[in-house]
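Contents: one structure, followed by commentary.
Computed from the coordinates by the stated procedures, all read-outs in this text should not be read as laboratory data. Just so you know, these numbers come straight off a predicted model, no measurement behind them. Note that we place each Cβ from the backbone using ideal geometry, even for glycine, and neighbour counts take in every protein chain shown.
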Amino acid sequence: MNYIQNPIIPGFNPDPSILRVGDDFYIATSTFEWFPGIQLHHSKDLVNWKLIGHGLTSTTQLPLEGVENSGGIYAPSMTYCDGEFWLAYSIVYACRGETWMATPAYVVKSTSIQGPWSEPFPIGNFGFDPSVFHDVDGRKYVVHMIWDGRKQVNNFGGVVLQELNPTSMQLVGEPRKVFAGTHLKGTEGPQILNKNDWYYLVVAEGGTGYGHAITVARSRSVWGPYEVHPDNPILTAYLDETSTLQRAGHGFFVETQNGEWYLSHLATRPIYPEEYQTHYIGGRFGKGYSVLGRESNLQQVEWRNDWPYVVGGKSPQTQVIAPKLPRHSWPTLPTRVSFDSGPLPPDFQTLRTPLTDDWARFKVETGKLRVVGRHFLNSNFQQSLIARRIQHFNIQAETECTFLPTLPHHMAGSSSITRLRVTIFCN
């Protein structure tokens, strides 16, 4: 028997939006303030995944200068209809301690997953995590969480639905609130699935910490009312502090060619202080460090009485039975990269601005990348920083660098970044 080993996409790859087109599976993941935006992954068997590129590659699609740390692209949604891929996304400009959040939302489209992707079409500014639902009658809807910044109310105000004209790409009518969320609160990441004449609303709830979860509700009408799953949430690690995968939530369903169902979701693999490895002193729940970030995972799903259930229970599993599909592996990305030719491999990203010749230039004849300094790492605008994700707990990283400073504030070297405010800098 073959198995899926979680995480399927290790390292900082949260909010996996999954779909199948023919014999191909695709996942889109969040990139926050990193450029280019929205990582796109490809699989033939749900076991082996390959990073194939990004959906947002220009500053007209993704203007990130000034975006705060952990702002930018939250939870994109990827769909496919009538020969076109659709990416719905919001750009979060004000997110830390703000009453109201600036979160303009857009859609880009392409006839190929490899692009080119269209210029963005605006689809509202209710909150973050938009998606587009393509109904069986040809109508399209924008599905959106509401951010309500007023005090003394639940800021996560539920889910709204609004029709989208696919010809003009204009919103039609007024947005209508279709779901208020559950007692778990923190309702976000809404997506809709149509199956057997039921509309299934799938949302993330419980916040992005250790109480994270996936909630499912259903209705006979896309406009609701939506009935919550009888054993909600369908996925969470909140009930199992011994699980390797924690903070599990935010995902969507996919069906294989053979009728097998799976649920994508994010989770982390916390490491714990030594005393919690051997003794549960008051329990170790919430006391670990998720140094690799939130990663992409899959769980097997079964349907009972037209409700989805995760096989094996609510708690996420690291090993999951794989679908009955031929195995298809991919060449691994290089672990050693020289700069004797461009462009860089797709797993390299820059911070907020694209890699351009005015600050980073390949010198093919010497096998070097010439980088011109700009802002310090604490700036939200223009840093000369090129990075790749850490995907393993134990790594060795080396960079050969020639650097001739003439002033005290001239800096160059390597950084290990957990968040932009938590940085180890070596020069």
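Amide H contacts under 5 Å for G186: F156, G206, restricted to partners 5 or more places along the chain or on a different chain, H placed in the peptide plane at 1.01 Å from N. Looking at the range 48-116, the trypsin sites (Lys or Arg not before Pro) that sit in a DSSP loop and have at most 14 other Cβ atoms within 10 Å of their own Cβ are R96. Within the range 3-321, the percentage of alpha carbon pairs spaced more than 36 angstrom apart rounds to 12%. Summing charges over all other residues whose Cβ lies under 10 Å from the Cβ of A75, with Lys and Arg as +1 and Asp and Glu as -1, gives -3. Under 17 Å of direct C-alpha separation, and excluding same-chain neighbours fewer than eight residues apart, K50 reaches these aspartates and glutamates: D15, D23, D24, E295, D347.
Quick one: net charge around L333, please, counting Lys, Arg +1 and Asp, Glu -1 for every other residue with C-beta under 12 Å from its C-beta.
Residues close to L333 contribute a combined charge of +3.
Partners of K368 within straight-line reach, counting lysines whose Cα lies under 20 Å from its Cα and excluding those fewer than 8 residues away in the same chain: none found.
Excluding residues fewer than 8 places away in the same chain, name every one of the aspartates and glutamates whose C-alpha is closer than 14 Å to that of K109. Candidates past the 8-residue exclusion: D82, E84, E119.
When every Cα-Cα distance of the range 332-427 is counted in 5 angstrom steps from zero, the calculated P(r) takes the values 2, 10, 21, 27, 22, 13, 4, 0, 0 percent. For the range 227-279, the set of chymotrypsin sites (Phe, Trp or Tyr not before Pro) satisfying both a DSSP loop assignment and a count of at most 14 other C-beta atoms within 10 Å is empty. By the helix-only formula, in which each DSSP H run with n ≥ 4 contributes -39500 (n - 2.57) and the sum is divided by residues, the chain has a 222 nm mean residue ellipticity of 0 deg cm²/dmol.
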